[in-house]
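Colleague: Okay, handing you the structure first.
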Amino acid sequence: MARIPIFDLDGTLVDSDAALVAPFLALGVPSDEITFGHVLEDECDRLGIELTDYLDLYDVAAAQPFPDVHELLAQLDVWGVCSNKHPAAGQSELARLGWQPDAALFSDAFEGAKHLAPAIDALGVTPDDVVFVGDTSHDRQVARNVGVPFGLAAWNPRAVVDDHDVVLASPLDVLAFCSGVVSRS
């Protein structure tokens with residue numbers, strides 16, 4: 001039986017780096033101080049800016065899907081999203097793209113950084129029934145924390161391979177990953 005994929009959103013399903021950085025730059029944050037994969041509220045606190053100021057400048061139409069993501073999602077019967085993204089922006093992006101995951105959890109669903117247990121519960125399955133696909137070391141750790149296989153979204157050029165990753169070169173590789181036909185890096 002194939003496992004159900006749960007995806008990170010930014011940097012995994014959508015190429016959002018420029019969209020995420022633009023509000024920080026507009027608010028005067030130097031580009032070398034901006035990092036990815038954090039809860040937005042925590043990152044705004046760290047950088048000394050107001051969350052509302054960031055959200056006022058964030059363009060929910062700027063992030064675009066990586067090539068082949070639409071084709072992948074069209075082939076999935078069940079899938080989920082587990083993201084640190086602010087819920088208003090995340091839900092708006094899903095709606096704009098016409099994506100309807102069976103579960104979509106954003107930063108308001110977690111106490112602190114994202115974790116998979118609420119997404120697994122929302123899907124009504126167990127950790128043995130899912131895989132997690134992401135693009136950061138934080139995503140890798142989120143999967144390890146609950147014993148879920150992790151697939152690195154290596155189609156994002158910013159993704160860094162770890163020795164134990166299942167490296168997914170294309171979004172369509174997720175289909176084989178879910179079926180257990182994979183190889184480690």
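The values are calculated or read from the model by the stated rules, or taken from the named source; none is laboratory data. Keep in mind the model is a prediction, meaning the values are calculated, not measured. Please note: Cβ atoms are built from the backbone with ideal geometry, for glycine as well, and neighbour counts cover all protein chains shown.
Colleague: Given the residues Gly98, Gly112, Gly48, which is the only one that is over 13 Å from Asp10 (Cα atoms), out of contact with any helix residue (DSSP H, G or I) (no Cβ under 7 Å at 6 or more places or on another chain) and not assigned by TED's automatic domain parsing to the domain that holds Thr136?
Modeller: The conditions single out Gly48.
Colleague: Being among the hydrophobic types (A, V, I, L, M, F, W, C), without any contact (Cβ under 8 Å) to a residue 60 or more places away in the chain and more than 16 Å from Ile4 (Cα to Cα) narrows it down to one of Ala159, Ala104, Ala88, so name that one. Lay out the reasoning, then the answer.
Modeller: On the way: Ala159 fails: without any contact (Cβ under 8 Å) to a residue 60 or more places away in the chain; Ala104 fails: more than 16 Å from Ile4 (Cα to Cα).
Just one listed residue meets the conditions, Ala88.
Colleague: Another question, if that's okay. Looking at Val166, Val146 in this structure, which one is in contact with a strand residue (DSSP E or B) (Cβ under 7 Å, 6 or more places away or on another chain), among the aliphatic types (A, V, I, L, M) and over 30 Å from Thr52 (Cβ atoms)? Lay out the reasoning, then the answer.
Modeller: Values: Val146 fails: in contact with a strand residue (DSSP E or B) (Cβ under 7 Å, 6 or more places away or on another chain).
Being in contact with a strand residue (DSSP E or B) (Cβ under 7 Å, 6 or more places away or on another chain), among the aliphatic types (A, V, I, L, M) and over 30 Å from Thr52 (Cβ atoms) holds for just one of Val166, Val146, which is Val166.
Colleague: So Asp77 ticks every box in (1) in the same structural domain as Ala143 (by TED's automatic domain parsing); (2) in a helix (DSSP H, G or I) but one. Which box is left unticked?
Modeller: (2)
Colleague: Enumerate the pairs (first residue in the stretch 1-28 and of a type in the set (Asp, Glu); second residue anywhere and surrounded by fewer than 16 Cβ atoms within 10 Å (Cβ to Cβ) and not in a strand (DSSP E or B)) with beta-carbon separation below 8 Å, excluding pairs fewer than 6 apart on the same chain, so at least 6 apart or on different chains.
Modeller: So the pair list comes out as Asp17/Arg158.
Colleague: Just give me the residues in the stretch 146-185 being of a type in the set (S, T, N, Q) and more than 22 Å from Thr35 (Cα to Cα), in sequence order.
Modeller: Residues of the stretch 146-185 of a type in the set (S, T, N, Q): 156, 170, 179, 183, 185.
Hits for the stretch 146-185 are Ser170, Ser179, Ser183, Ser185.
Colleague: Can you name the residue in the stretch 14-37 that is out of contact with any helix residue (DSSP H, G or I) (no Cβ under 6 Å at 6 or more places or on another chain) and closer than 23 Å to Pro171 by Cα and, of all such residues, is surrounded by the fewest Cβ atoms within 10 Å (Cβ to Cβ)?
Modeller: Ala18
Colleague: Does the stretch 7-49 hold any residues that are over 20 Å from Ala153 (Cα atoms), part of a loop (DSSP other than H, G, I, E, B) and in contact with a Leu (Cβ under 8 Å, 6 or more places away or on another chain), and which are they?
Modeller: Leu27, Val29, Ile34, Ile49
Colleague: Counting just the residues of the stretch 126-142 that are over 12 Å from the mean Cα position of the chain (by Cα) and not hydroxyl-bearing (Ser, Thr, Tyr), which one comes out nearest to Val167 (Cα to Cα)?
Modeller: Val131
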